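Written below as structure tokens is the structure these notes are about.
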Amino acid sequence: MPSAESSIPDGFIQINDHPAEIWSKVAFDHVERLQTDEENRNPDAHRLYIYNDYFGYACCDLLKKEMLAIGKKIASKTEKLSLPTFQRLEALVLYMANSMAADVFHTIDDPELSEAIYTGYGALWMTYLLALETAAKPQKLSATHPLAVRNLENVVRTAAKVITQFSDLGFSRDARDLAAAMLRVLERNDMDGTPKPKAFLGKAVKSDSDSEDEDEEEEEEDARPAKKSRHATGADDHDVRAAAKEWKASSAMKDLRDAYGPVEHGGRPWDITKWSKAQLEAEKARFDGDGDEDDVFF
């Protein structure tokens, strides 16, 4: 959870009291907007049952719009290397690491749309990271060049960790190869190219069922030697070039735009808060003949 220590740089929030887990307030604010949009689309939050995949498709629509908006920024000559573009990608990492949308987008009965969202996330990050590296030349990419991004290293490492959480879902592109390529880009620019043991380091509030392995992973992370002796997962520059071809934002965004998505329910927006009172009551009545909300299916 976020920390409020006075030593944290202005404009940033620290997660789990871990010194590496510094995230911009701008990104957090955008995640809150995404979470509000997500909740507004959730039938359970409105005591409704619509159809089984409604929330999944509604979240796919949310993720699709967000990724396409970021894709436009990355394709723009004027916005590509701006701090707001990085912060938008930073927010996407936070959101994909901890949201219901990330849990349900791949459960819908539409594998092409699910894969387009998965590929879109990875392609946006691979393309953007290489664009930053290219812009930095002849110098090396860093937290101050070509863009002043204090938390660049941690955000990229987290972005790589997040994509691997979808590794075993049967998508055609290999998330582990992409993550290794992203970490190799960090490594060849004298940054930490080791994979994170989990998305957010530090001592988070845990339930009794949490694995003790996480504590061991945290100790291992804290015990790693100095930066220059830290190595990634074995990927080389050939692997980076291969990933750049396979995870290209321009083609991924085209596939995402073209991916079929269901029309909004009865012509209504996915955001249930925008439905009229009459529409809400009519929806409830479809599954509740006597109009008693306590009998609505969940």
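Remarks
- Karplus (6.51, -1.76, 1.60) ³J(HN,Hα), θ = phi - 60°, over segment 54-59, in Hz, Gly and Pro reported as x: 4, 5, x, 5, 5, 6
- Relative contact order, percent, segment 48-141 [alpha-carbon distance under 8 Å, six or more residues apart]: 36
- Computed extension length for residue 82-residue 140: 19.1 nm, one decimal, from 0.36 nm per residue of separation with the Cα-Cα distance subtracted.
- Ordering of 22-28, 76-82 by packing [mean C-beta count within 10 Å, highest first]: 22-28, 76-82
- In this simple spin-label model, placing a label point 7 Å from the Cα along the Cα-to-Cβ direction at both residue 107 and residue 273 gives a separation of 2.3 nm.
- Sorted fewest first by neighbouring Cβ atoms within 10 angstrom, 273, 127 come out as 273, 127.
- Fewest-first sequence of 142, 251 by Cβ atoms within 10 Å of each Cβ: 251, 142
- A full extension of the chain between residue 194 and residue 282 corresponds to an added length of 26.3 nm, given 0.36 nm per residue minus the alpha carbon distance.
- Using θ = phi - 60° in the Karplus curve 6.51 cos²θ - 1.76 cosθ + 1.60, the 3J(HN,Hα) couplings for segment 113-127 round to 5, 4, 5, 5, 5, 4, 5, x, 4, x, 5, 4, 6, 5, 5 Hz; x is entered for Gly and Pro.
- Annotation for residue 172 and residue 44: the two label points, set 7 Å from Cα along the Cα-Cβ direction, are 3.3 nm apart.
- Once the chain from residue 148 to residue 254 is taken as fully extended at 0.36 nm per residue, the excess over their C-alpha distance is 35.1 nm.
- Straight-line cross-link reach from residue 198 at under 20 Å between alpha-carbon atoms covers these lysines, not counting any fewer than eight positions away in the same chain: 161, 206, 227.
- Listed by chain and number, the lysines whose C-alpha is less than 29 Å from the C-alpha of residue 277, apart from same-chain residues fewer than 8 away, are 64, 65.
- Proximal lysines to residue 245, defined as alpha-carbon separation beneath 17 angstrom and excluding residues fewer than eight positions away on the same chain: 254
Quick note: the coordinates plus some simple rules give every number you see, no bench work behind them. Predicted model, so just to flag it, every value in this text is computed and none were measured. As a convention, Cβ positions derive from the backbone with ideal geometry for all residues, glycine included, and neighbour counts pool all protein chains shown.
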